[in-house]
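The values are calculated or read from the model by the stated rules, or taken from the named source; none is laboratory data. These figures come from a predicted structure and were not determined experimentally. Ideal geometry is used to build each Cβ from the backbone, glycine not excepted, and the neighbour counts take in all protein chains shown.
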Amino acid sequence: MAVEPTEAGRDGTGARPSTRRRKRVEGGRRHRHEVKVTPEEEGQLLALALRYRVSVPKLLIDSALAGGAANAAANASVRDELLTELFKAYRVLAGIANNVNQIARATNATGEAQAETSATLAAVRRTAERIDGLIDQLAEALR
């Protein structure tokens, strides 16, 4: 489906909607729909697309398949929240990795296991499980 903005994606602010592509499908997308809109409708579509950081075609598809713009926006909001949580968990894991490196350095220098090793490795497991759960939730939200 190709719905072209009237002025190369401009909506009055000069900002352009996201150019993230949809996931490829085997055999490609064979059907195309052309939608003609009034200048007022175009402005509303561009504003919504910019607000939700998607292209106009993605906004139209998500809105239609999710049962309306409100549901599509809710799905986008859930995805954004999950991505935010996923990046937070990633930063926690990076901090724990730093702790593991310090423990390894100390263990190698002294030849003795460090007291905090078990707790740190348990934190790695918990964080990895949290990341797995968030990825599963995100995959479900993208369906």
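The table for this structure:
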item: Test result for E26, assigned to a helix (DSSP H, G or I) and either modelled with pLDDT of 80 or more or β-branched (V, I, T) (or both); result: no
item: Output for the stretch 48-90, where each listed residue is surrounded by fewer than 15 Cβ atoms within 10 Å (Cβ to Cβ), outside the structural domain of R32 (by TED's automatic domain parsing) and at pLDDT 80 or above; result: E81, L83, T84, F87, K88, Y90
item: V100 being of a type in the set (V, I, T), under 22 Å from the mean Cα position of the chain (by Cα) and in a helix (DSSP H, G or I); result: no
item: Residue list for the stretch 85-107, filter: within 17 Å of I131 (Cβ to Cβ) and of a type in the set (K, R); result: K88, R91
item: Which numbered condition S18 misses (of (1) at pLDDT 75 or above; (2) surrounded by 12 or more Cβ atoms within 10 Å (Cβ to Cβ)); result: (1)
item: Close pairs from the stretch 129-143: first at pLDDT 80 or above, partner hydroxyl-bearing (S, T, Y), Cβ under 8 Å, at least 6 apart; result: I131/Y90
